Amino acid sequence: MAIIGKIREKSVLLVVIIGLALLAFILGNYEKMSGGTEDVFGYGTVFGEKVNPEKYAAEAQKFVEQDAQQAQQEQKEYTQKDKDASEDKGWNYVVETTILEKEFEALGIEVNDTEFDSYLYGKDGFTVLPELLQSFADATGRLDEKKLQSTINQLQTSNKPEDQKRWEDSKKYYIERRKQEKYYAIIKQGVYVTKLEAEEEYNAQKEIKNISYVWNKYFDIKDESVKPTEAELQAYFDEHKGEKKFENASDSREVKYFDVMINPSKADSTKFNKEFETIKKGFATSTNDSVFVMANSDIKFYTNKHTATFRPEGDAKAQKGMTYPAAMDTVFKTAAIGQIVGPYQDNGNTRLAKIIDFNTKLCKVRHILISAPKGETKKIEAAQKKADSIVKLLNKDNFADFVTRFSEDPGSKEKGGVYENFLDYEMVPEFSAFATEKAIGTIGTVKTDFGIHIMEVMDRKAVKYPVLALIQKTLVASQETIDYKISEVDNIHININAQISNESDAAKKIELFDTIASKAGYMSRPARIETNKPMLFGFNTKMAEDKILKLAYNDEAEVGTLCSAPIKDKNRYIIAILASIRAKGTPEFNDVKDMIKAEVIKEKKAKRYIANMMGKSLEQIAKANGSKVTKADVTFANPQITEAGYEPQVIGAIFSQLKDGQKTLPLKGESGVFVIQLNKTVKAPATANYNVERDQLLATLKGSIINQARQALMKKADVVDNRRFMNAGIRRQA
């Protein structure tokens, strides 16, 4: 869940957006961008109807703003990938609400004003919503209805349009949330487990078969020794192409590509290390660290204050970018002031650190905040007067009670006003000075920009975190190295283009592509793109992704088409070829040839094993193949065999007709061929009922039914997500 807004001075309502939050970026005008009429899909379709672009833009923008704010609060970078994820939340929200609204309408699901009030205030059988209880609790921990109602009234009657919209968005959200709860409650009512199902589950769990088996693994026969012919592959395909595992679930295209990395050469590394040694000597003798850092570091930052306190990597309270490798913790904490540490590697960068001080006090205090805005003299004087009167009544024993009654700091009020395990730079200066300098047990007042604090120093721990002046540089490829790699990748591209241009068969073009890449020392790999929801992984830039999409989906795209030039993707160049165009349903032979080959090799290995295992005892088979006879207990509910793993077909054969003392013929399994002897069957104990199994099955079904329902609705709605094509400037007409 996400919360829109915060309660400040009791005037802003927390708005929750259940995992759908509110979202993302302002979209451009695609029609203007593409220079013509919009394609038949727009940004996407649900039930064949275009998604409203303004609605998507508004919802997406809210998610982006919320996620960016949360990242800032957590001191995390909000990257382009994070923004993309926020926009996806916006898309999912619009799609899901569009689908569910049709379901609500068909079923007549509504929420009237009386039900809405009961839901919001936790009355008439409704439980108080956790996020509202957190924000509107009274001193006893119960929902303060008057406080909540006051906030709603303030938003409704506010002269600020944004306040009124907060309430409208909140009300809309809670109504939608309640409708969803009612809808999924109806679906759950349709889930049922019969007595027979419960009995079968009981027997599947409790009946045990003790077996002895020999297992000859497919892995022990090298694939290279089994060479199926083209005719065998084609025959297998003709017989099995209708099976679901080979079926194309949707329209898609596959691009094969390999990358040539632009990494620093050995000469680049040697030169870099020499330069760093020179810098290290200068840093050690420098009398003006600030000037030296600014002149030599890629990161232009210096301060000799405690704000430059560094902590080991992984420390939850470390400032962003101000960490050192955890393995070097002892090195830093035992270094002397003025000592140089490094060079050392840190997240791909090379660093030199000079110890300029140590931060040595980890503080614990508690406080009561009497709020008073900075610059408002009368309010500050009134706050000071109130604080002085409280201090006279305050002692160590009643401090927590006074926090509950008077503190206006929501960040610490629920914890008795306590802040602990903080260093001086983590608080405002006046607050920190009191915490670090006053004797433990001291109670007094401190004025900050937030108002007047009544503070008690509770504890201080001795720590040793270094304050560092830092020089950071990154080893990058020289221009000479870059030019060499560009020449290499151009030559490979020219070679591929020349050779596939002389070949008319598309499949052979792909084989040539793979072969030339391999000979050049690179391995091609596939990138599959779903047409109705195009997503690419493993690429660093949108520009590279766009070029891959255009290669796969331009109007002239056909299998065997090579990219027109190497594609730049940050510190690498990519060469790509369109490897397949797959229509939904039964596949073409070349689309699943690799899968077919793997299956045929497996079949041939199985036949080889079966021929050698037929008519022999377990001991004879084990001796002949250098394996062993293994014992195991198995149940039908858990189709696992000790050491061999998941083998549902083999378990099924054991439980179908095999009797105690009997031995199976060789059985082809997932991981090898088995011969199994059933030693003993332990029947499930008699029981008066199967309520436990029934409840387990019912809980499992109800736990998965919502997700199953969502998937079914998405499939029914035939959702098309066309956003990525639009951003790449690719127009689809069908």
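Using the Cα centre of region 264-476 as the reference point, and only Cβ charges (+1 on K/R, -1 on D/E), how large is the resulting charge dipole? Debye, rounded to the nearest 20.
Dipole magnitude for region 264-476 comes out near 200 debye.
Which entries in Lys123/Lys415; Lys83/Lys374; Lys206/Lys663 show an alpha-carbon gap greater than 24 Å?
In this structure, Lys123/Lys415; Lys83/Lys374 exceed 24 Å between Cα atoms.
If packing is taken as the average count of other Cβ atoms within 10 Å, what order do 400-413, 79-92 fall into, highest mean first?
79-92, 400-413
Taking square-rooted eigenvalues a ≥ b ≥ c of the alpha carbon gyration tensor, is region 136-293 rounded, prolate or oblate, where a/c under 1.5 means rounded and, failing that, a/b exceeding b/c means prolate?
Note, shape of region 136-293 comes out oblate.
Using the 10 angstrom Cβ neighbour count as an exposure proxy, how do His240, His453 rank, fewest first?
His240, His453
What ranking, highest mean first, results for peptides 564-572, 62-70 when packing means the other Cβ atoms within 10 Å averaged over each residue?
With the highest mean Cβ count within 10 Å placed first, the list reads 62-70, 564-572.
Which links in Lys172/Lys413; Lys392/Lys447; Lys508/Lys668; Lys364/Lys396; Lys245/Lys584; Lys241/Lys607 stretch past 23 Å when you go from one Cα to the other?
Those over the limit are Lys172/Lys413; Lys508/Lys668.
Would you calculate the volume per residue, in Å³, of the smallest convex hull containing every Cα atom of region 37-175?
So the per-residue Cα hull volume is 166 Å³.
Is the shape of region 595-734 rounded, prolate or oblate, going by the alpha carbon gyration tensor and its root eigenvalues a ≥ b ≥ c, with a/c under 1.5 for rounded and a/b larger than b/c for prolate?
oblate
To the nearest 20 debye, what is the magnitude of the charge dipole of the chain about its Cα centre, counting +1 on the Cβ of each Lys and Arg and -1 on the Cβ of each Asp and Glu?
Dipole magnitude for the chain comes out near 1760 debye.
Of [x] 82, 77, 48; [y] 140, 81, 53; [z] 97, 78, 67, which one was derived for Cα extents along the principal axes in Å from the structure shown?
Of the labelled values, this structure produces [z].
What ranking of Cys363, Cys563 emerges when the number of other C-beta atoms within 10 Å of each C-beta is taken as an exposure proxy, fewest first?
Lowest count first: Cys563, Cys363.
How tilted is helix 195-206 with respect to the longest principal axis of the chain? Cα atoms for both, answer in degrees (0 to 90, nearest 10).
90 degrees
Rounding to the nearest 10 and keeping the result within 0 to 90°, find how far the Cα-based axis of helix 479-501 lies from the longest principal axis of the chain.
Orientation of helix 479-501: about 30 degrees from the principal axis.
With no solvent and one equal point scatterer per Cα, compute the Debye intensity ratio I(q)/I(0) for region 264-476 at 0.09, 0.15, 0.17 Å⁻¹ and report its log10, rounded to two decimals.
Values, matching the q order: -0.49, -0.93, -1.07.
Working from Cα positions, state the angle (0 to 90°, nearest 10) between the long axis of helix 53-73 and the longest principal axis of the chain.
60 degrees
Report the FRET efficiency, 1/(1 + (r/R0)^6), for Val226 and Gln205, where r is their Cβ-Cβ distance and R0 is 45 Å, rounded to 0.05.
0.70
Could you list, bin by bin from short to long, the percent of Cα-Cα pairs of region 642-706 in 10 Å steps?
Calculated P(r), rounded to whole percents: 17, 31, 29, 22, 1.
Quick one: which of 507-516, 122-131, 681-690 comes out on top by average Cβ neighbours within 10 Å, and what's the full order, highest first?
For the peptides 507-516, 122-131, 681-690, the packing ranking is 507-516, 122-131, 681-690.
With θ set to phi - 60°, apply the Karplus curve 6.51 cos²θ - 1.76 cosθ + 1.60 along region 464-477 and write out the HN-Hα couplings as whole Hz, x wherever there is a Gly or Pro.
8, 10, x, 9, 10, 9, 10, 10, 10, 9, 10, 6, 10, 5
Dipole magnitude of region 290-402 about its Cα centre, charges +1 at Lys/Arg Cβ and -1 at Asp/Glu Cβ only, in debye to the nearest 20?
420 debye
What does DSSP give for region 264-476 in terms of the percent of beta bridges that are antiparallel, rounded to the nearest 5?
Roughly 95 percent of the beta bridges in region 264-476 run antiparallel, per DSSP.
Rank Thr323, Tyr202, Asn722 by how far each Cα sits towards the positive end of the charge dipole of the chain (+1 on Lys, Arg Cβ; -1 on Asp, Glu Cβ) and give me just the farthest.
The listed residue farthest towards the positive side: Thr323.
Region 103-150 to region 222-263: how many Å between their Cα centroids?
Between the Cα centre of region 103-150 and that of region 222-263, the gap is 55 Å.
All of the numbers you see were taken from the coordinates with simple rules; none came from a lab. Predicted, not measured: the structure shown is a model, and the values here were computed from it. As a convention, Cβ positions derive from the backbone with ideal geometry for all residues, glycine included, and neighbour counts pool all protein chains shown.
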